[in-house]
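Report on the following structure.
The values are calculated or read from the model by the stated rules, or taken from the named source; none is laboratory data. Owing to the predicted nature of the structure, the values given are computational and were not obtained by experimental measurement. In this analysis, Cβ positions are derived from the backbone assuming ideal geometry, glycine residues included, and neighbour counts consider all displayed protein chains.
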Amino acid sequence: FVHNMSMAPFNTFSVEELHMVTEGAFWMLVNLAAIAVGYTVAPRIIPRSANRHEEADLLASIPIFLVMTWLAWHHTLSTGSAVQERWAGTSQSSYAFLWLYVTRQLASFPFVFLGSMKLSDRLLMTLHHIISIIAYGGGLYTGRMHWFGTLNGCCETTSVFLNNLLLFKAIGYKGRLNAINGVTLWSTFLIFRLVLFPYWLYCFYSDVNGHPAVTSAKVSSFELIFYPCTTIVLLCMSIVWFVTLTKGMLKVIGVIGATDAKADAKAL
């Protein structure tokens with residue numbers, strides 16, 4: 001009897017559910033470990049600290065964004081050739097990406113308030129974190145539409161170069177690599193955000209209109225409304241950020257002067 005009572009709580013979980021919880025915990029530990037390393041390394045490479053919390057998060061982001069981007073690209077390119085795959089297909093890479101993304105947003109959320117961002121930027125990033133967690137968390141919960149999640153996740157390609165930009169700024173480096181990285185960031189931002197998000201919307205509505213029996217009929221109204229709305233919000237935010245990036249890039253390559261781009265450079 002005692003043995004049965006002790007095992008009862010575990011019997012309420014399926015193997016799949018236990019695996020999900022374990023994987024989520026693993027990726028959260030990965031994020032926390034990266035942040036801990038960031039706090040350890042930051043004082044050594046950035047001795048004149050402007051904000052130690054921001055710099056720790058910045059360094060922690062380096063491996064996280066690289067892994068996240070690879071996972072997103074792997075699932076997006078290896079699946080998605082058929083409508084059924086786009087709406088119901090999953091893989092180890094897709095689940096790993098969704099978990100890594102959600103745990104990254106949760107682990108980094110306190111840095112939105114610990115950093116030196118303006119109030120308007122904090123509100124914008126808070127909105128970004130909340131809708132992203134809900135959207136990707138929905139994919140984890142339902143096991144549906146992972147291809148659309150990883151397709152949007154390919155936008156994190158830009159985060160790799162944005163992270164480099166912020167790191168160069170923190171250490172005071174303004175050399176040739178900074179200029180090359182700035183131009184690369186601008187180019188990837190154009191392709192993997194301003195082009196990618198409209199492409200996502202095109203694929204989504206093409207599938208819904210052309211194959212309703214295996215798309216809209218198989219998912220909830222929440223998924224049909226919230227996911228494209230999230231993508232539209234991300235597109236609008238990216239357009240705003242792209243203006244700042246464009247002025248910053250022109251400043252780096254010397255097309256415009258520092259005075260003209262000063263206000264926009266602060267946003268980076």
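Laid out as a table, the results:
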quantity	calculated
Condition broken by S220, with the remaining ones in (1) more than 27 Å from S81 (Cβ to Cβ); (2) within 25 Å of the chain's Cα centre (by Cα); (3) of a type outside the set (A, V, I, L, M) satisfied	(1)
Test result for L59, among the aliphatic types (A, V, I, L, M), out of contact with any helix residue (DSSP H, G or I) (no Cβ under 7 Å at 6 or more places or on another chain) and assigned to a helix (DSSP H, G or I)	no
Members of the stretch 23-55 found to be among the β-branched types (V, I, T) and touching a residue at least 24 places away in the same chain (Cβ under 8 Å), listed by number	V30, I35, I45, I46
Selection status of L166, closer than 20 Å to L66 by Cβ, within 18 Å of the chain's Cα centre (by Cα) and crowded, with 20+ Cβ neighbours inside 10 Å	no
Candidates W99, W87, W73, filtered to the one that is of a type in the set (A, V, I, L, M, F, W, C), in contact with an Asp or Glu (Cβ under 6 Å, 6 or more places away or on another chain) and in contact (Cβ under 8 Å) with a residue 24 or more places away in the chain	W99
Condition broken by K118, with the remaining ones in (1) farther than 30 Å from A213 by Cα; (2) charged (D, E, K, R); (3) at pLDDT 95 or above satisfied	(3)
Residue check, V160 β-branched (V, I, T), under 14 Å from the mean Cα position of the chain (by Cα) and either at negative phi or at pLDDT 95 or above (or both)	yes
Residue within the stretch 179-201 that is of a type in the set (D, E, K, R), in contact with a helix residue (DSSP H, G or I) (Cβ under 9 Å, 6 or more places away or on another chain) and surrounded by fewer than 19 Cβ atoms within 10 Å (Cβ to Cβ) present	no
Boolean, R44 is in a loop (DSSP other than H, G, I, E, B) and basic (K, R)	no
